[in-house]
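I have placed the structure first, in the form of structure tokens, so that the comments after it can refer back to it.
The values are calculated or read from the model by the stated rules, or taken from the named source; none is laboratory data. Everything numeric in this text was worked out from a predicted model, so none of it was measured. FYI the Cβ positions are ideal-geometry reconstructions off the backbone, even for glycines, and counts take in every protein chain you see. Note: accessible area is taken over every heavy atom of the protein model, side chains too, but ligands, DNA and RNA are not part of it. Shrake-Rupley method; radii C 1.70, N 1.55, O 1.52, S 1.80 Å.
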Amino acid sequence: MRIGVAGVGRIGTMHAGNLASLDAVGEVVLFDPVPGRAAAAATTIGKARAVDDLDTLLKDSDGVLIATPTDTHPATLRRALAAKVPALCEKPIASDYAQMSALVDDIEASGVEVLVGFQRRFDPAIAELYRRIRAGEVGKLYLVRAVGNDASPPDFSYLPASGGIFRDLLIHDLDAVPWLVGEPVVEVFASGSVLVHEAFAEADDVDNAVVMLKFAGGAHAVLAGGRHDPLGYDHRIEVLGSKDSLAVGVDPRTPLTSLEPEGPVVATDAYPGFPERFHRAYLNEMAVFVDVVAGKVANPSPARDSLTSLALALACDESRRSGSPVRITQEVTA
């Protein structure tokens, strides 16, 4: 199988290397709009070759991974749809709700499989948590807690175009947690502060935020995210139910020190960033994408689910600004 990669910046190059490691992939075809970048990447990735334009990439590929700049995602996806080439697109597939909604309609009308790159859905531990919830092993859900902290803040020049903490950082948990719970969100409350650097306030953003989601069945989720954790990158999800209490993201590299006498202390190799924390997820994401292209498995991250997380992120921003809960009047569930 030949898989194309459009965009070979940091994330695209990582994906291309992971694709090349799969036995099912015979060749990785690379394209980047920056002259020479694809050719340079091809020299460092096994089974890879570069092409000069997107049309050639689509013609030569059984599936395409889209990791170009965000503002190019809708047009690139539509070209993949026109070519009838299945795609995996990095989030977000479009920058605003109206644009995304129209794009999702086009994707579904085309019949072409499009996966959205919310890597948490592909993390083996989170996928197992999903399985256990669906199998009834957790019982009635009471509470979900999720923590997501960057080790270091992003480059401040990125902030004005980031979409804010809810659409950039917490969007992953706004996708994963409703997907895990499997019920409509009926109310959102969010609060945020600027504690790390004034650059966030200058970008009309916050650098620490807390979100509460209330689900139709009565369960709640509390999400917390921040732009600086001095010990390392930290992402955990905890689920409490009537039959079990489970956690993912708690291991010897979790950047957390217990003050209990026999509790864990932060390791010297605590996760420095999301590529390391979600290394298994990114590998599995490529393997699942290849299986979707081959028609072996169902799409676990369809485009329409992106509307759920974006709607929730917009509700979070509205709640933060108003200081009041936001009722969700239409069904919002992944």
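Does Ala313 satisfy the condition of being in contact with a Cys (Cβ under 9 Å, 6 or more places away or on another chain) and in contact (Cβ under 8 Å) with a residue 60 or more places away in the chain? When the stated conditions are applied, Ala313 does not pass them.
If only residues of the stretch 268-298 that are open to solvent by 30 Å² or more (accessible area, probe 1.4 Å), not β-branched (Val, Ile, Thr) and not in a helix (DSSP H, G or I) are counted, the one that is modelled with the lowest pLDDT is Asp269. Within the stretch 212-240, being outside any loop (DSSP other than H, G, I, E, B), under 19 Å from Glu137 (Cβ atoms) and open to solvent by 10 Å² or more (accessible area, probe 1.4 Å) holds for Glu238, Leu240. The single condition from (1) loosely packed, with under 15 Cβ neighbours inside 10 Å; (2) farther than 14 Å from Val293 by Cβ that Ala38 fails is (1). For the structure I just gave you, tell me whether Leu58 is at pLDDT 95 or above, over 16 Å from Ser301 (Cβ atoms) and open to solvent by less than 50 Å² (accessible area, probe 1.4 Å). It is true that Leu58 is at pLDDT 95 or above, over 16 Å from Ser301 (Cβ atoms) and open to solvent by less than 50 Å² (accessible area, probe 1.4 Å).
Taking every residue in the stretch 193-209 that is touching a residue at least 40 places away in the same chain (Cβ under 8 Å) and at positive phi and pairing it with any residue that is surrounded by 14 or more Cβ atoms within 10 Å (Cβ to Cβ) and not in a strand (DSSP E or B), at least 6 positions away or on another chain, the pairs with Cβ-Cβ distances below 8 Å are Asp204/Gly164. Would you mention how many residues in the stretch 99-157 are in a loop (DSSP other than H, G, I, E, B), open to solvent by 60 Å² or more (accessible area, probe 1.4 Å) and either among the basic types (Lys, Arg) or closer than 24 Å to Tyr282 by Cβ (or both)? Counting residues in the stretch 99-157 that are in a loop (DSSP other than H, G, I, E, B), open to solvent by 60 Å² or more (accessible area, probe 1.4 Å) and either among the basic types (Lys, Arg) or closer than 24 Å to Tyr282 by Cβ (or both) gives 4.
For the stretch 241-267: of the residues being hydrophobic (A, V, I, L, M, F, W, C) and either farther than 15 Å from Val147 by Cβ or open to solvent by less than 70 Å² (accessible area, probe 1.4 Å) (or both), which is nearest to the chain's Cα centre (by Cα)? Here the residue is Val248. When residues in the stretch 293-308 are screened for being closer than 21 Å to Leu170 by Cβ, out of contact with any strand residue (DSSP E or B) (no Cβ under 9 Å at 6 or more places or on another chain) and of a type in the set (Gly, Ala, Ser), 0 of them pass. Condition first: of a type in the set (Asp, Glu), part of a helix (DSSP H, G or I) and either without any contact (Cβ under 8 Å) to a residue 60 or more places away in the chain or open to solvent by less than 20 Å² (accessible area, probe 1.4 Å) (or both). Can you find one or more residues in the stretch 161-172 that meet it? Looking through the stretch 161-172, at least one residue is of a type in the set (Asp, Glu), part of a helix (DSSP H, G or I) and either without any contact (Cβ under 8 Å) to a residue 60 or more places away in the chain or open to solvent by less than 20 Å² (accessible area, probe 1.4 Å) (or both). Checked against (1) more than 25 Å from Ala267 (Cβ to Cβ); (2) within 19 Å of the chain's Cα centre (by Cα); (3) surrounded by 21 or more Cβ atoms within 10 Å (Cβ to Cβ), Gly182 passes all but a single condition, namely (3).
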